[in-house]
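Student: Quick one: the structure is below, questions incoming.
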Amino acid sequence: MSAIPRGVLAQDAVFPPSSRFGFAAPADMVISKRFTGFERKGGGAVVSVVELPGPAYTEMEQSFTDETLKTQGLVVRSRESVTLADGMPGVLFTGEATASDVQGLPAVNKWLLIVGGTDVTGLVIAQAASGIESDETIRAMLTSVKLRPALGLDEQVAALPFRIGDPAGFRPVRALAGNSVLMTLGPRDQIAAMEQPILVIAQAFQSATPQEQRDGLARQALFANQTMKDFQIERSQSYRQNGIDWHEIVARAVDIPSSTPVVVAQTIRFNPDGYIRAVGVTRADQRSDVLPLFRQVVDSLQMK
C-alpha cells in the first residue's frame, strides 16, 4: 500500500458543486458543466465522480476483478491499494478502455479509483485519449482526493447552476446530481398518492436544440416519464419571453402508483448550451390553484 504526498491535499482541493469529493486538478482541467467532475479545457480527458453508500466500498473492492471490469469497459493493466487523505482507503485501477479495441479507434487510457469514506464511497473514473494526459498527472489528481462533510440541503440548492427567484410557496425537498431539485407545496417531504403538488427542475447541457426539433424533444421528454400513463396533451406551444425561447406542454395523465388523475405542466427554457426543464405535477382537482404557481416559479428561473 502506497501513501501519497501530503502537499497536494486539503488546501488545493477543488470540489464540483454538491460533490463531497474534491481534487487537486491540473491547470488544464476545469469543473464540468455537463456532469459531476472535471474535463480538459481543450477536450480529450474527463474525470467523473459518483457518490455511493458507505458499504459499497467493501463490495466493490471484492467484486472489481479484472474480468468484471473488462465487461464494464476497462482492460486492467494494474491494481494498486492506496492510502488517501485522512487515512481513507482506496484502490486505483489503470488500463485502457475496451471500446477502443472494438471500434478500432486510437487507444483511450482509463483509470478507476474507489474511495472508502466513513459514510460514503466514491467511484472516480478518468479517461484520456492517448498522449493527452500522462499517467502520472491523472494518478496525482485522483489520489489527491479529499472528502468534505455532507452538504446541507440549502448548500446543495445554492450550488445548482440556476437560481429560483420566486419559489411561489414551494420548498426544496432534495437536490440531485448537482443539477436538479425536487420541490413540493405542503408540509410532507415524502409525497404519497399525489397528496401534494411536486415540481422538478433540472438542467441539461448539450448542443443547442434547433427550433424545428423542440416540440419533438419536449413531447419525448414528457412521455419518457415512467410514473405516469395515459397522457392527453391539452396544449403544446413554443413562445419567446424576455429574449429567451421556451416550450410549454400542459397535459392530463394518471399517476401510476396511486391511479390518481393529475395535470402535468412541463416547461423547457432553451439555452445556447442546453436547456432547463421544469415538470410540475398536481392532482386534477387542484389545477386551477397550482398551475399558476408552477408558471410563477418557472418565470423566475435565472442562469448563474
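Student: So if we plug the beta-carbon distance of Glu234 and Val30 into 1/(1 + (r/R0)^6) with R0 = 41 Å, what FRET efficiency do we get, rounded to 0.05?
Tutor: Numbers: r = 43 Å, r/R0 = 1.05.
It comes out at approximately 0.45.
Student: Also: With θ set to phi - 60° and the Karplus curve 6.51 cos²θ - 1.76 cosθ + 1.60, what are the ³J(HN,Hα) couplings of the stretch 265-273 in order, to the nearest whole Hz, using x for Gly and Pro?
Tutor: 10, 10, 10, 10, 9, 8, 10, x, 10
Student: Tell me the label-point distance for the pair Ala193, Asp66, using the 7 Å Cα-to-Cβ offset, in nm and rounded to one decimal.
Tutor: Distance between the two pseudo-spin positions: 5.7 nm.
Student: If Lys and Arg each add +1 and Asp and Glu each add -1, what is the summed charge of the other residues whose beta carbon sits under 10 Å from the beta carbon of Tyr275? Kindly include the intermediate steps, with their values, before the conclusion.
Tutor: Values: positive: Arg214, Arg269, Arg277; negative: Asp245, Asp273.
Cβ neighbours under 10 Å give a net charge of +1.
Student: Can I ask one more? Choose one answer from Arg235, Arg219, Arg148: the residue with the largest mean-square fluctuation in a GNM of the chain with alpha-carbon springs under 10 Å.
Tutor: Of Arg235, Arg219, Arg148, the most mobile in the Gaussian network model is Arg235.
Student: Something else now. For Cα extents along the principal axes in Å, pick the label among (i) 55, 43, 37; (ii) 63, 42, 36; (iii) 107, 60, 38 that corresponds to the value derived from the coordinates.
Tutor: Given (i) 55, 43, 37; (ii) 63, 42, 36; (iii) 107, 60, 38, the structure-derived one carries the label (ii).
Student: Right, something else. At 222 nm, what helix-only mean residue ellipticity would the chain give, in deg cm²/dmol to the nearest 500, using -39500 (n - 2.57) for each DSSP H run of four or more?
Tutor: Values: 7 runs with 57 residues, N = 304.
Dividing the helical sum by the residues of the chain leaves -5000 deg cm²/dmol.
Student: For the chain, give me the percentage of DSSP beta bridges that are antiparallel, rounded to the nearest 5 percent.
Tutor: On the way: 96 of 98 bridges.
Within the chain, antiparallel bridges account for around 100 percent of the total.
Student: OK, next. When the chain is modelled as a GNM with alpha-carbon springs shorter than 10 Å, which of Gly243, Gly43, Gly178 fluctuates the most?
Tutor: Result for the chain, Cα springs under 10 Å: Gly243 fluctuates most.
Student: Using alpha carbons only, how many angstrom separate the centre of the stretch 264-304 from the centre of the stretch 15-74?
Tutor: Each part reduced to its Cα centre gives a spacing of 32 Å.
Student: Could you estimate the translational diffusion coefficient of the stretch 78-231 from the Stokes-Einstein equation, with Rh from the Kirkwood formula over C-alpha pairs, at 4 °C and 1.567 mPa s, in whole µm²/s? Provide the component values of the computation, followed by the final result.
Tutor: On the way: Rh = 19.9 Å.
Once the numbers are plugged in, D ends up at 65 µm²/s.
Bear in mind these aren't lab numbers, they're just calculated from the coordinates by the rules spelled out. These numbers were taken from a predicted model, which means no experiment stands behind them. Glycine also receives a Cβ, built like all others from the backbone with ideal geometry; neighbour counts cover every protein chain displayed.
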